[in-house]
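Structure first, commentary second.
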Amino acid sequence: MKKILTIVIIGSIVVLAAYFAFVYYATYSEGFRSGELVKITKKGVVFKTWEGRLSQGVSDSQHFDFSVEDKNEKVLQDLKNLQGHYVKLTYMERYRTFPWLGETKYFVTKVEETKGRFN
């Protein structure tokens, strides 16, 4: 009986570790988005995460919500400095996310300032 219980516990741990590794490291897509950086804010009750919004047009439906991991300090500093400017964001989309990483599945990995709406 102890042997079966040990196998079940070890099997459960391996499955959970594989799931967490897949969710964290596997990317669904990678790409770029351009627009006006509307906001960057740290929010949350239990887990404080960095969240941002990029406006890609005049209506509220043309926006791109994204998250930034705490370890990307340069990206966070660039976003803070470029709020209100036109930027090009490089991002990756994950299959899922964890509450301590961010609210969205989109994670910004690089920020570049652009000269305007059509550049």
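Among the listed residues G57, G31, G11, which satisfies the condition of being surrounded by fewer than 15 Cβ atoms within 10 Å (Cβ to Cβ) and in a helix (DSSP H, G or I)?
Numbers: G57 fails: in a helix (DSSP H, G or I); G31 fails: in a helix (DSSP H, G or I).
The match here is G11.
If you go through region 74-90 and pick out every residue that is more than 12 Å from the chain's Cα centre (by Cα) and in a strand (DSSP E or B), you end up with 3. Scoring T97 on the criteria (1) hydroxyl-bearing (S, T, Y); (2) surrounded by 13 or more Cβ atoms within 10 Å (Cβ to Cβ); (3) in a strand (DSSP E or B) leaves a single failure, condition (3). Cβ separations smaller than 8 Å between residues 6+ apart or across chains give the following pairs from region 97-110 residues that are under 13 Å from F20 (Cα atoms) to residues that are assigned to a loop (DSSP other than H, G, I, E, B) and of a type outside the set (G, A, S): T97/E103; T97/T104; T97/K105; P99/V46; P99/F47; W100/F47; L101/E69. Look through K42, K71 and report the one residue that is over 15 Å from Y91 (Cβ atoms), part of a strand (DSSP E or B) and not polar (S, T, N, Q). Among K42, K71, only K42 is over 15 Å from Y91 (Cβ atoms), part of a strand (DSSP E or B) and not polar (S, T, N, Q).
Restricting the search to region 14-28, which residues are assigned to a helix (DSSP H, G or I) and within 30 Å of D78 (Cβ to Cβ)? Talk me through it step by step, then tell me what you get.
Initial filter on region 14-28 (assigned to a helix (DSSP H, G or I)): 14-25.
If the condition is that a residue be assigned to a helix (DSSP H, G or I) and within 30 Å of D78 (Cβ to Cβ), then F20, A21, F22, V23, Y24, Y25 are the ones that fit.
Within region 64-88, restricting attention to residues that are in contact with a helix residue (DSSP H, G or I) (Cβ under 9 Å, 6 or more places away or on another chain) and under 14 Å from E51 (Cα atoms), the residue that is surrounded by the most Cβ atoms within 10 Å (Cβ to Cβ) is V68. Taken together, E93, E30, E112, E36 contain a single residue that is within 11 Å of the chain's Cα centre (by Cα) and not aliphatic (A, V, I, L, M), which is E93. Does V15 satisfy being touching a strand residue (DSSP E or B) at 6+ places or on another chain (Cβ under 6 Å) and at pLDDT 90 or above? Taking the combined requirement at face value, the residue does not satisfy it.
Have a look at N119, N72 and point out the one that is modelled with pLDDT under 95 and farther than 18 Å from V38 by Cα. Before the answer, list the steps.
Values: N119 fails: farther than 18 Å from V38 by Cα.
Sole residue among the options that is modelled with pLDDT under 95 and farther than 18 Å from V38 by Cα: N72.
The test for being more than 18 Å from the chain's Cα centre (by Cα), farther than 28 Å from E113 by Cα, surrounded by fewer than 16 Cβ atoms within 10 Å (Cβ to Cβ) and not aromatic (F, W, Y) holds for A17.
The values are calculated or read from the model by the stated rules, or taken from the named source; none is laboratory data. Quantities reported herein were computed from a predicted structural model and do not represent experimental measurements. Neighbour counts run over all protein chains shown; Cβ positions are idealised from the backbone, glycine included.
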